[in-house]
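Structure, as structure tokens:
The values are calculated or read from the model by the stated rules, or taken from the named source; none is laboratory data. For clarity, every value in this text was computed on a predicted model and none was experimentally measured. A quick note on method: Cβ atoms are made from the backbone with ideal geometry, for glycine too, and the neighbour counts reach across all protein chains shown. Just the protein is used for accessible areas: all its heavy atoms, side chains included, with ligands, DNA and RNA removed. Shrake-Rupley method; radii C 1.70, N 1.55, O 1.52, S 1.80 Å.
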Amino acid sequence: MTDTRAQQQAASEEQLPAQYINYVFFKLDPLWRRLPDEERRRGKEEFLRAAEEGSENLLLRSYSLMGLRADADFMLWRIGYDLDAFESMQAALMKSGLGRYLSVTYSYFALARRSIYVGEHTPGFENKRYIIPGEGEFLFVYPFVKTREWYRLPLEERQRMMNEHMKIGRKHYPIKNNTAYCFGIDDYEFILSFEAESPQKFQDLMMELRESEASSYTELDTPIFTCRRKPLAEILENLG
């Protein structure tokens, strides 16, 4: 693809609506488990119905963190093009019987954008504006911030280091990286999520990436969440 054609494609994509990305983590109040069985059944049905109705305008995926972290029991990954849809779903979820016993412990908000480091010079990587989730059983989510020194480097120098970074990533295919940009609209620069078949496979990737040159310009990459993809009904049943 020529530079002119690539520029035309980028300009065309910029006319598309913004794609919003949200990872919202929920923690259950232990008092929930002391409620009568019938009240808990109704509360879970209300929550599930609110999620199903809200997902008519959002792409929704659900993940369990039970037994993996103390500060979150499950997570909803939401992708959409209308902020009202996020607000409406969240309001309906929290008004449900179950929602009254849930706390939002983390919520990350970001936009999908084209990466300046990915293009024809990086074969094997799509240079798309929108995030399209894959089918990985595990999702690893964390906020990410680069040092200010990184942005003082010439673009050519940053590109060289990112080429090495992405070459390592290709070695660990089919792990899929979803990078969303939250600079100026949330507390971080990026929210990263990686879809992988197992924690071991993802850890292998991260152990190699931490030795890359670009990683020396990382300022923050925690907290990190190991999330298991499961149907929302199953997740709610496991809550008790």
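Side notes on the structure shown:
- Options Leu155, Leu192; residue that is without any contact (Cβ under 8 Å) to a residue 60 or more places away in the chain and either within 13 Å of the chain's Cα centre (by Cα) or under 21 Å from Phe74 (Cα atoms) (or both): Leu192
- Restricting the range 78-103 to residues that are of a type in the set (Gly, Ala, Ser) and open to solvent by less than 20 Å² (accessible area, probe 1.4 Å) leaves a set whose member that is nearest to Ile21 (Cα to Cα) is Gly80.
- Options Glu234, Glu213; residue that is under 30 Å from Phe26 (Cβ atoms), modelled with pLDDT of 95 or more and surrounded by fewer than 15 Cβ atoms within 10 Å (Cβ to Cβ): Glu234
- Matching entry among Ile132, Ile168 (being β-branched (Val, Ile, Thr), modelled with pLDDT under 95 and open to solvent by 80 Å² or more (accessible area, probe 1.4 Å)): Ile132
- Being within 18 Å of Gly99 (Cα to Cα), open to solvent by less than 70 Å² (accessible area, probe 1.4 Å) and aliphatic (A, V, I, L, M) is true of Leu48.
- Qualifying residues in the range 184-207 (those that are among the polar types (S, T, N, Q) and within 20 Å of Val145 (Cα to Cα)) - the one most open to solvent (accessible area, probe 1.4 Å): Gln203
- Test: residue in the range 23-43 that is at pLDDT 95 or above, crowded, with 20+ Cβ neighbours inside 10 Å and in contact with a helix residue (DSSP H, G or I) (Cβ under 7 Å, 6 or more places away or on another chain): no
- Flag if Val104 is over 17 Å from the mean Cα position of the chain (by Cα), of a type in the set (Val, Ile, Thr) and farther than 21 Å from Gly184 by Cα: no
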